[in-house]
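Have a look at the structure below before the remarks.
What follows draws every value from the coordinates through simple rules; no lab data is involved. Computed from a predicted structure; not experimentally measured. Heads up, the Cβs are rebuilt from the backbone with ideal geometry, glycines too, and the neighbour counts pull from every protein chain shown.
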Amino acid sequence: MKMALSEDFLRTHMERCIDIAIRTGNTIAKPHVGALIVNRKGRIIADGGRRYVDKNLGILVHAERDAINNSTEDPRGAILFTTLEPCIVQWVGRHSHRRSIFKPCAELIAENCIGMVVYGLGDINSPSHEGLSYLTNRGVTVIHYDALTEKIIDRLMSYRVREFYDVSDK
């Protein structure tokens with residue numbers, strides 16, 4: 001069964017991702033990130049948020065990983081919505097670490113055969129969008145849903161990074 005990706009469908013699910021990000025992000029520094037997975041029948045099967053696994057060590061789990069881990073069924077062929085572009089490099093503090101305790105989200109998404117990713121905001125730490133390229137090169141459909149860009153920036157991003165996003169180009 002193929003789902004219709006109407007404006008209402010996209011907006012509703014991205015709004016829910018924003019709510020998840022706010023709910024799960026209250027104990028961490030911004031950006032807050034929310035994700036959810038919708039199966040082929042249009043039913044939400046998981047959600048997740050960027051949160052600490054170990055606050056003392058500063059280890060975070062990303063929202064996409066959290067959603068995949070929380071999935072109530074196999075996410076094969078599903079749509080993953082996320083407020084922020086999936087990573088291809090894990091960041092620890094101010095340094096990127098290709099060898100991290102967690103696999104990058106783009107790799108995890110592809111390995112789980114998720115069919116489509118809808119993201120709300122590009123990641124300023126990935127100006128060439130390597131994670132998106134990684135996904136498309138592995139057959140994952142990627143959609144940038146930008147209708148809520150200003151809301152995502154305003155509600156989920158740190159004031160220090162807001163200047164890097166130019167919402168006038170929408």
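The Cβ shell under 14 Å around Arg16 holds other residues with a net charge of +1, Lys and Arg each +1, Asp and Glu each -1. Rounded to the nearest 0.05, the FRET efficiency derived from the C-beta distance between Ala4 and Lys151 at R0 = 25 Å is 0.60. When peptides 63-74, 30-41 are ranked by their average number of other Cβ atoms within 10 Å per residue, the highest-first order is 30-41, 63-74.
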